[in-house]
Amino acid sequence: MNVTTPTPVSRRQFSKSTLAAGAALASGAFTVRAVETPSRRIRTGVIGCGSVSNAYLPELTRCPFVEVVSLCDIKPERAQRQAERFRIGHHYPHLDAMLAGEPFDFLVVLTDMQVHEGINRRALEAGKHVWSEKPIANTLGAGQELLRLARQKQVRLWGAPITVQSPQFAFMARTLAAGKLGRVAAAHADYGHEGPDWSAFFYEKLGGSMPDLAVYNLTTLTGLLGPVRHVTAMLSIVTPERTVSDKGRIQVTEEDNAMVLMDHGHGVISHVQSGFNYFNPHGHDGSGEQRHTLTLVGSRGFLGLVGYDWAPLGVDLATDDAPKLKRHVTDAQGYVWQQGAALAAECLVTGKELLATPEHALHVLEIMTAARESQATGRRVAITSTFGWPVVTV
């Protein structure tokens with residue numbers, strides 16, 4: 001199982017906005033168990049060596065706060081392949097073997113979304129800090145129980161996405177706080193493509209376009225406009241059968257088309273749409289997207305995010321004082337969507353805090369479950385959770 005472990009190299013400079021000193025502790029007020037890392041690198045394990053690991057592992061292996069010591073995947077050949085590619089010393093075929101194997105302090109969870117909740121619980125019970133790809137859990141109650149467990153074990157829990165960490169988000173938040181849009185009325189966001197063809201889990205129970213795609217926009221809009229009070233939604237399945245590489249022809253059981261309407265209170269309404277039936281000339285990658293995928297409008301101004309919020313290219317602003325659209329913050333300043341786990345490791349070492357919090361992630365999870373309830377019942381659904389807002393940026 002062993003291969004040579006590389007000498008770490010410096011990662012890219014991360015955005016200054018990612019580690020605001022004013023952000024509250026992500027898991028609430030409690031004492032965090034100190035990690036014994038004399039070299040100031042967090043011993044890290046990664047579970048899930050599929051497509052997302054190709055984005056995460058380069059960030060983690062060049063992060064000066066991380067030492068990736070082990071990988072795990074239910075398809076052992078994938079773990080072995082990534083271990084060889086990134087020169088990681090240990091790889092395992094299942095979580096039990098990983099937890100009993102090479103010691104580590106921090107688990108990065110990149111598996112199919114349906115099993116995040118169970119893996120996160122096992123890792124927290126074992127006293128590991130956890131970074132989870134979205135979603136953290138499958139229900140609000142389960143997610144809240146994970147947070148209670150993290151506090152009990154004196155470890156940290158975070159979850160993707162980290163769209164609130166981008167400099168473009170910071171600019172929009174500051175613009176809103178300064179009142180440049182006047183009385184904010186409405187916002188809209190959308191994200192979609194033709195749908196992944198490499199795995200069935202996107203279309204199976206607890207999958208769907210909301211936890212895969214809409215979750216980004218929901219995180220950004222709630223981060224900008226505040227917690228949601230009520231949700232109304234319409235969801236549908238446009239393509240009832242799909243062909244995917246891991247299972248062949250499958251039946252689609254979760255929404256591949258979603259419209260979610262949110263009431264933020266004080267008259268502010270926002271709307272998110274997502275789907276796996278959207279023609280997109282940029283494909284699944286979407287990095288070349290030039291249009292406004294997220295817009296906000298008020299009585300005195302307009303904001304439009306250029307590109308997707310997970311890969312933003314700039315922000316256009318127009319106000320009654322300067323009515324011609326002007327583009328701002330075209331430099332990502334090192335922000336990439338897959339850097340969340342590396343930033344969390346930096347938090348563990350330095351004590352700095354992420355703007356992304358588990359409470360925010362759980363609020364977004366409740367919005368998605370409420371959307372499904374709204375579709376099933378035809379009713380407007382009240383939201384019970386909240387998170388620290390406004391999101392503090394620098």
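The values are calculated or read from the model by the stated rules, or taken from the named source; none is laboratory data. A quick note: this is a predicted structure, and the numbers were derived from the prediction, not measured. Positions of Cβ are backbone-derived with ideal geometry, glycine not excepted, and every protein chain shown enters the neighbour counts.
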- Message: Show me the strands (runs of 3 or more DSSP E) found entirely inside segment 199-251 where at least 3 residues are farther than 27 Å from residue 267 by Cα.
- Response: 241-244, 248-251
- Under 7 Å by Cβ, and 6 or more places apart or on different chains, what pairs join a residue from segment 265-287 that is in contact (Cβ under 8 Å) with a residue 12 or more places away in the chain with one that is hydroxyl-bearing (Ser, Thr, Tyr) and crowded, with 20+ Cβ neighbours inside 10 Å? 274/191; 274/209; 275/209; 276/209; 286/308
- Message: Please determine whether any residue of segment 192-206 is farther than 15 Å from residue 255 by Cβ and in contact with a helix residue (DSSP H, G or I) (Cβ under 7 Å, 6 or more places away or on another chain).
- Response: no
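So that you can scan it fast, the table gives a plain yes or no per residue for (1) crowded, with 24+ Cβ neighbours inside 10 Å; (2) farther than 23 Å from residue 366 by Cβ:
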site	(1), (2)
142	no, no
149	no, no
152	no, no
160	yes, no
164	yes, no
168	yes, yes
177	no, yes
- Task: For residue 123, indicate whether it is of a type in the set (A, V, I, L, M), farther than 15 Å from residue 368 by Cβ and surrounded by 20 or more Cβ atoms within 10 Å (Cβ to Cβ).
- Result: yes
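Can you name the residue in segment 213-246 that is small (Gly, Ala, Ser) and under 23 Å from the mean Cα position of the chain (by Cα) and, of all such residues, is surrounded by the fewest Cβ atoms within 10 Å (Cβ to Cβ)? Break it down into steps so the answer makes sense when it comes.
Step one: list which residues in segment 213-246 are small (Gly, Ala, Ser), which gives 214, 223, 226, 233, 236, 245.
Then drop every residue that is not under 23 Å from the mean Cα position of the chain (by Cα), which leaves 214, 223, 226, 233.
Details: 214: 28, 223: 26, 226: 17, 233: 25.
It comes out as 226.
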- Exactly one of (1) under 22 Å from the mean Cα position of the chain (by Cα); (2) closer than 30 Å to residue 323 by Cβ; (3) at pLDDT 95 or above is unmet by residue 210. Its number? (2)
- Which residues, taken from segment 120-143, are of a type in the set (A, V, I, L, M, F, W, C), touching a residue at least 60 places away in the same chain (Cβ under 8 Å) and farther than 15 Å from residue 44 by Cβ? 136, 137, 140
